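Below: one structure, written as structure tokens.
The values are calculated or read from the model by the stated rules, or taken from the named source; none is laboratory data. Everything numeric here is computed off the predicted structure, so don't read it as measured data. Don't worry about glycine lacking a Cβ; one is built from the backbone with ideal geometry, like all the others, and counts go over all protein chains shown. When the accessible area is computed, the model is the full protein with side chains, heavy atoms only, and any ligands, DNA or RNA have been set aside. Shrake-Rupley method; radii C 1.70, N 1.55, O 1.52, S 1.80 Å.
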Amino acid sequence: MTDILKVSGLNKKFGGVTVAQDIDFALTPGSMHCLIGPNGAGKSTFFRLVLGEHVPDSGTIEFRGEDITRLRSFQRIRRGISVKFQVPGIFKALSVRQNLEVAFQHHLHGHNLEATTKRVLEFASLEREVETPAGALSHGQQQWLEIGMAIGVEPKLLLLDEPTAGMSPDETRKTGEMLHDLNGRGITILAVEHDMAFVEQIATRVTVLHFGRIFAEGTISEIIEHPGVQEIYLGVADE
């Protein structure tokens, strides 16, 4: 099976500081994969390299068998990559409906736009808030709205940067259920996350970054039991 995303020998420095070093990473189609690691490990930088916001100093990025290393972000999005960053990028003064229409307008028109907007409203449980200004939504609802904005164009790969940051336990659990739903529809998911309970809820595989390198990779149980991961990230209890 061809990897949906394949990163080979990726390196990046900013001002002489290495933020990505010799990263080899592969993502299986249909998986839900989580990236974890301490602050400053390079997780968000890796995301921005995949999305095309940063250009690597060396190495390659392939998406669905195509080399996209030098493509711009909008070109990658057109090929089927979508993203939701940690801070909601919604238009707070616009209604929920208008936010979705703005997100979809370059991809969908007429009946397709209307039908997709309706479907996403139902998915994100925002039917009753359709005319509500996005800024008046709860924090969790704002996050769900932006996930809806990201998936309306039916991406093959969805990148999520800390999708549950600031959420209540109930909102976090519901978000996990939403992602399982998306995954069941054929969307591959790669998420940066700190909440290990959430990682356990969704991840089929976990990669640990540390100082811009891949430190460990495996199932959630293998990562939790990994002594090095416990030391650098999960914390080791005093004996």
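Would you confirm whether or not the stretch 220-239 contains a residue that is closer than 30 Å to residue 24 by Cα and part of a strand (DSSP E or B)? No. The set of residues in the stretch 92-116 being at pLDDT 90 or above and surrounded by 14 or more Cβ atoms within 10 Å (Cβ to Cβ) consists of 94, 95, 96, 97, 98, 99, 100.
Every condition in (1) touching a Phe, Trp or Tyr at 6+ places or on another chain (Cβ under 8 Å); (2) at pLDDT 90 or above; (3) outside any strand (DSSP E or B) is met by residue 153 except one, and the failing one is (2). Residue 4 meets the conditions (1) under 30 Å from residue 181 (Cα atoms); (2) without any contact (Cβ under 8 Å) to a residue 12 or more places away in the chain in every case but one. The failed one is (2). For the stretch 49-90, which positions are out of contact with any helix residue (DSSP H, G or I) (no Cβ under 9 Å at 6 or more places or on another chain) and part of a strand (DSSP E or B)? 58, 60, 62, 66, 67 - these are the residues of the stretch 49-90 that are out of contact with any helix residue (DSSP H, G or I) (no Cβ under 9 Å at 6 or more places or on another chain) and part of a strand (DSSP E or B).
Of the residues 44, 8, the single one that is hydroxyl-bearing (Ser, Thr, Tyr), modelled with pLDDT of 95 or more and either in a loop (DSSP other than H, G, I, E, B) or on the phi < 0 side of the Ramachandran plot (or both) is 8.
Of all residues in the stretch 193-210, exactly one satisfies the criterion of being in contact with a Ser or Thr (Cβ under 9 Å, 6 or more places away or on another chain), assigned to a strand (DSSP E or B) and surrounded by fewer than 19 Cβ atoms within 10 Å (Cβ to Cβ), namely 205. The single condition among (1) of a type in the set (Val, Ile, Thr); (2) under 23 Å from residue 162 (Cβ atoms); (3) open to solvent by 10 Å² or more (accessible area, probe 1.4 Å); (4) modelled with pLDDT of 95 or more that residue 61 does not meet is (3).
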